[in-house]
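Enquirer: Next up is a structure, given as structure tokens.
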Amino acid sequence: MPAFGLGTWRMGEHPDQFQHEADVIRAALDMGVTLLDTAEMYGEGGAEEVIGEAIRGRRDGLFLVSKFYPHNASRNGVIEACERSLRRMDCDSIDLYLLHWPGSVPLSQTFEALHELQAQGKIRDFGVSNFNLADLEKIPETDQAILGCNQVFYNLAHREVEWEVSAWCRERGIPVMAYSPLDQASSLLHSDAIAEVAAKHAASPAQIALAWLLHQPDTVVIPKSSRAARIQENLDAVAIELSQEDLSTLDNAFPAPNQPVRLGMR
């Protein structure tokens, strides 16, 4: 799985933006981005349709991630949701298919369906999103070690995942996929500590925030942007190598939790 991808939250919501959004995704592919993250929730399937338009004739070599609603997590519900997503994206398979957040359907049903989809070749791998430790421990034991990822809200200002979840995932070789890695461009990017490190690397604050996440073990970042220039800027963060001094500066400004805390969610 690539360490950098493009998120598509809020895409597919406005028909008049459809072609622009497809063009932006194609521009990202031209830059070398190969991981695209979406969900049936985004624009109620609209984002998947945008991806379908953008990747037409270019499916080979891409890593597609999509997510299904918890209310579609029953055995039949997962299969039907996946087939709808495949139709919207006009492709034969999804590389990583995730339960969007914990729900009330027994996970044994959900994972039975995911295994069936995998056996049919409709998905290559499966995982979860927004699962805290208690949720992860409810997953059937045989599936805990083979999860494709846990996609979570994770950035310098929100390190809740580091209290328990990331260690659990790391012990099992499960990647953490960080959504909203820039904290939705909030005050995080106005931090003096980030500005100090950015100046040393002739980089932008956003690039430093992404580089910090990419430095974390087994972590994938999926920033979303609707501007090609911003996507290129974000992608360039992959080449930034932070020193131990840089990491200490950022850790001091944005410390990890030192007491039990629930996983954040956006």
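The values are calculated or read from the model by the stated rules, or taken from the named source; none is laboratory data. Computed from a predicted model, the values in this text were never measured in an experiment. All Cβ positions, glycine included, derive from the backbone under ideal geometry; neighbour counts span all protein chains shown.
Enquirer: Please work out which one of (1) in a helix (DSSP H, G or I); (2) surrounded by fewer than 17 Cβ atoms within 10 Å (Cβ to Cβ); (3) under 16 Å from the mean Cα position of the chain (by Cα); (4) not basic (Lys, Arg) is the condition Leu247 fails and give its number.
Expert: Single failed check for Leu247: (3).
Enquirer: Would you say Pro102 is at pLDDT 95 or above and touching a helix residue (DSSP H, G or I) at 6+ places or on another chain (Cβ under 8 Å)? Steps first, answer last, please.
Expert: Numbers: at pLDDT 95 or above: yes; touching a helix residue (DSSP H, G or I) at 6+ places or on another chain (Cβ under 8 Å): yes.
The answer is yes for Pro102.
Enquirer: Something else: Looking at Gly61, is it surrounded by fewer than 22 Cβ atoms within 10 Å (Cβ to Cβ), part of a loop (DSSP other than H, G, I, E, B) and either without any contact (Cβ under 8 Å) to a residue 24 or more places away in the chain or among the acidic types (Asp, Glu) (or both)? Spell out the reasoning first.
Expert: Details: surrounded by fewer than 22 Cβ atoms within 10 Å (Cβ to Cβ): yes; part of a loop (DSSP other than H, G, I, E, B): yes; either without any contact (Cβ under 8 Å) to a residue 24 or more places away in the chain or among the acidic types (Asp, Glu) (or both): no.
Answer is no for this residue.
Enquirer: Of the residues in region 116-143, how many are surrounded by 15 or more Cβ atoms within 10 Å (Cβ to Cβ) and either at positive phi or not in a loop (DSSP other than H, G, I, E, B) (or both)? I'd like the intermediate steps shown before the answer.
Expert: In the first step, residues of region 116-143 are kept if they are surrounded by 15 or more Cβ atoms within 10 Å (Cβ to Cβ); the result is 116-118, 122-133, 135-136, 139, 143.
When the remaining residues are screened for being either at positive phi or not in a loop (DSSP other than H, G, I, E, B) (or both), the result is 116-118, 123-130, 133, 135-136, 143.
Going through region 116-143 one residue at a time, the tally reaches 15.
Enquirer: Pick from region 169-187 the residues that are buried (at least 18 other Cβ atoms within 10 Å of the Cβ) and farther than 23 Å from Ser226 by Cα: which of them is farthest from the chain's Cα centre (by Cα)?
Expert: Cys169
Enquirer: Moving to a separate point now. For region 217-228, does any single residue satisfy the condition of being modelled with pLDDT of 95 or more, part of a helix (DSSP H, G or I) and more than 18 Å from the chain's Cα centre (by Cα)?
Expert: Checked region 217-228: at least one residue is modelled with pLDDT of 95 or more, part of a helix (DSSP H, G or I) and more than 18 Å from the chain's Cα centre (by Cα).
Enquirer: Also, I was wondering about something else. Under 20 Å from Ala3 (Cα atoms) and either touching an Asp or Glu at 6+ places or on another chain (Cβ under 6 Å) or among the hydroxyl-bearing types (Ser, Thr, Tyr) (or both) - does that describe any residue in region 244-264?
Expert: No: zero hits.
Every residue, every condition in (1) on the phi > 0 side of the Ramachandran plot; (2) in contact with a helix residue (DSSP H, G or I) (Cβ under 8 Å, 6 or more places away or on another chain); (3) assigned to a helix (DSSP H, G or I); (4) among the polar types (S, T, N, Q), yes or no:
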| residue | (1), (2), (3), (4) |
| --- | --- |
| Ala28 | no, yes, yes, no |
| Val33 | no, yes, no, no |
| Leu36 | no, yes, no, no |
| Gly52 | no, yes, yes, no |
| Gly57 | yes, no, no, no |
| Lys67 | no, no, no, no |
| Asn76 | no, yes, yes, yes |
| Ala81 | no, yes, yes, no |
| Arg84 | no, yes, yes, no |
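Enquirer: If I ask for residues that are within 22 Å of Ala47 (Cβ to Cβ), among the aliphatic types (A, V, I, L, M) and crowded, with 17+ Cβ neighbours inside 10 Å, which ones from region 211-244 would you list?
Expert: Val220, Val221, Ile222, Ile231, Leu235
Enquirer: Does region 144-158 include one or more residues that are under 17 Å from the mean Cα position of the chain (by Cα), touching a residue at least 60 places away in the same chain (Cβ under 8 Å) and part of a helix (DSSP H, G or I)?
Expert: Checked against the condition, which is being under 17 Å from the mean Cα position of the chain (by Cα), touching a residue at least 60 places away in the same chain (Cβ under 8 Å) and part of a helix (DSSP H, G or I), region 144-158 yields no hits at all.
Enquirer: Okay, next question. Would you check which residues across region 163-202 are on the phi > 0 side of the Ramachandran plot and in a helix (DSSP H, G or I) and list them?
Expert: To start, the set of residues in region 163-202 that are on the phi > 0 side of the Ramachandran plot comprises 173, 180, 183-185, 202.
If the condition is that a residue be on the phi > 0 side of the Ramachandran plot and in a helix (DSSP H, G or I), then Asp183, Gln184, Ala185 are the ones that fit.
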